1. Any chance the stretch 419-439 includes a residue that's surrounded by fewer than 16 Cβ atoms within 10 Å (Cβ to Cβ), over 14 Å from residue 338 (Cβ atoms) and touching a helix residue (DSSP H, G or I) at 6+ places or on another chain (Cβ under 9 Å)?
2. Could you name every one of the helices (runs of 4 or more DSSP H) located completely within the stretch 189-297 that has at least 3 residues being within 30 Å of residue 111 (Cα to Cα) and more than 12 Å from the ligand (Cβ to nearest atom)?
3. Can you list the helices (runs of 4 or more DSSP H) found entirely within the stretch 333-400 that contain at least 3 residues being within 38 Å of the chain's Cα centre (by Cα) and crowded, with 20+ Cβ neighbours inside 10 Å?
4. Quick check: is even one residue across the stretch 310-326 under 30 Å from residue 172 (Cβ atoms), part of a loop (DSSP other than H, G, I, E, B), away from the ligand (no atom under 16 Å from the Cβ) and open to solvent by 60 Å² or more (accessible area, probe 1.4 Å)?
5. Going by the structure shown, is residue 246 open to solvent by 20 Å² or more (accessible area, probe 1.4 Å), touching a helix residue (DSSP H, G or I) at 6+ places or on another chain (Cβ under 6 Å) and among the acidic types (Asp, Glu)?
6. May I ask you to list the residues in the stretch 74-90 that are touching a helix residue (DSSP H, G or I) at 6+ places or on another chain (Cβ under 7 Å) and open to solvent by less than 30 Å² (accessible area, probe 1.4 Å)?
7. Between residues in the stretch 281-307 that are over 13 Å from residue 102 (Cα atoms) and open to solvent by 20 Å² or more (accessible area, probe 1.4 Å) and residues that are away from the ligand (no atom under 14 Å from the Cβ) and hydrophobic (A, V, I, L, M, F, W, C), which pairs lie under 7 Å by C-beta distance while being six or more apart or on different chains?
Amino acid sequence: MSDEKKKIEPFLTPKGVHDILPQDHEFHTYIKKVVRHRARQAGFRRISTPIFEYTDLFSRGVGEGSDIVSKEMYTFEDRKERSLTLKPEGTAGVVRAYIQHGLNQWPQPVLLYYYEPHFRYDRPQKGRYRQFWQFGFEIIGESDPALDAQLIQLAYKILEDLGIANLFDIQLNTIGTPDARKRYMQALQDFYVGKERSLCENCRERLHKNPMRLLDCKEEDCQILAKLAPAMKDYLDKESLEYHDELKEYLDEIGLKYTENPQLVRGLDYYGKTVFELWDKSEGAQNAIGGGGRYDGLIELLGGQPTPAVGFAAGVERIIANMKKEKIRVPSKDELHVFVAQLGKEAKKKCLGLIDDLRDAGIKTMGALGKGSINEQLRIAHKFKVIYTVLLGLTEVREGTAIIRDMNKGIQEKVPMEKVPERLVELLGEDRLDKYTPGELI
Ligand code: HAM
């Protein structure tokens, strides 16, 4: 047997998923704050639904014919052979919760928002991952085009707050009531009879399950046919058309620009009437940053009372990529203020109490580590880019003092030990301190 040690290959993340390292968490934190702020201003409250649900919820809710259900779900059986699925989107779970917890008893409409990871077995590429974060808004219990308008405005406002709204265009369409859509889908299927051979494999498959998806296929031949296909507007019902006109009036009134796109259908089956997407002006439908629409039939479809609803969701990774592309920087709360360096065990003991006091005062502090010389510790302090270092040598311990060193100017002062926190607060300034409080307990 060979004595040679076998080299262990390091583990990597599974394909299509990624870690969120501290630098990217700063973006997440900022985006989450913007979303929460805009949500609260408009009366939305946060909801989290489980990471996995019974598979049927999505097959029924999102639709058997959708790409998400037919190809992209992470489905597994638990030990009792129940079929479960990692949530590929947020709306079905929120609607399940609305029904399960009797949220129809709350004042209507119920306004909910979320910021959650979702999972789709997509082909990984730029902006397309197998685990991705979405924030989303759902308004359940009211049908009014003024709500659709406010929701689209909210989506756009968040992009404005994040500094990237100028890169996106609101694409808007109405896809009518389910009845109108059924008639239209029949007309589409009739149109494609005999033309199957000109379609891409994907569209040939979709033709019988979800013919409307043929309209937004990116393949050239499919696009040519889509242009000749019957137009949805000729099949739309009066109610949907009126609803849509009113929505546009409201959008015009609030000065929100949009592009009417009769080909826009969205990839989830639950929509009816309003649909919209936020498209990258340079990339079009590819890598939309967000999308949504009205889903008046979904609550009933999932076992609740007939209840109208509208919502949207946006992809956080795509937002971060665009913020980086635009060189937008977010505040970093991670920088350290103070490093505490010490020499000898007695000094180290004193340091621990001091570090605790500094942190309580809102000063971001690290230190009391290692056995190196003061110079070696100062080098560590430099690497962590702290503003001040507190030095405690044998003399200082004996005297009950400490040295505060300004790391940029290289100057230092000696202060009594008990005055160190006070002096550092003075030097740093109140504004810089990390004094977040979660609020008073009631
Ligand atoms: P969706 O259009 O499927 O809608 O997804 C919304 C956004 O999630 C997309 O625009 C995109 O930014 C992001 N996204 C989707 N898939 C991926 C992926 N594989 N990798 C990275 N980002 C991705 C929905 O999910 C609906 N539930 C929206 C909604 C809410 N409709 C009504 N209420």
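The values are calculated or read from the model by the stated rules, or taken from the named source; none is laboratory data. It should be emphasised that the depicted structure is a prediction, and the values quoted were computed from it without experimental measurement. Methodologically, a virtual Cβ is constructed for each residue, glycine included, from the backbone with ideal geometry; neighbour enumeration extends over all protein chains shown. With ligands, DNA and RNA removed, areas are computed over all heavy atoms of the protein, side chains included. Shrake-Rupley method; radii C 1.70, N 1.55, O 1.52, S 1.80 Å.
1. no
2. Numbers: elements: 201-209, 220-228, 238-253.
Per the criteria, 238-253.
3. none
4. Step one: of the stretch 310-326, the residues under 30 Å from residue 172 (Cβ atoms) are 310-326.
Now drop any that are not part of a loop (DSSP other than H, G, I, E, B), which leaves 326.
So of that shortlist, the ones also away from the ligand (no atom under 16 Å from the Cβ) come out as 326.
Filter once more, keeping what is open to solvent by 60 Å² or more (accessible area, probe 1.4 Å): 326.
Within the stretch 310-326 (the criterion being under 30 Å from residue 172 (Cβ atoms), part of a loop (DSSP other than H, G, I, E, B), away from the ligand (no atom under 16 Å from the Cβ) and open to solvent by 60 Å² or more (accessible area, probe 1.4 Å)), the answer is yes, since at least one residue qualifies.
5. Working: open to solvent by 20 Å² or more (accessible area, probe 1.4 Å): yes; touching a helix residue (DSSP H, G or I) at 6+ places or on another chain (Cβ under 6 Å): yes; among the acidic types (Asp, Glu): yes.
In short, yes.
6. First, the residues of the stretch 74-90 that are touching a helix residue (DSSP H, G or I) at 6+ places or on another chain (Cβ under 7 Å): 75, 83-85, 87-89.
Residues satisfying the conditions are 84, 85, 87, 88, 89.
7. Partner pairs satisfying both residue conditions: 302/99.
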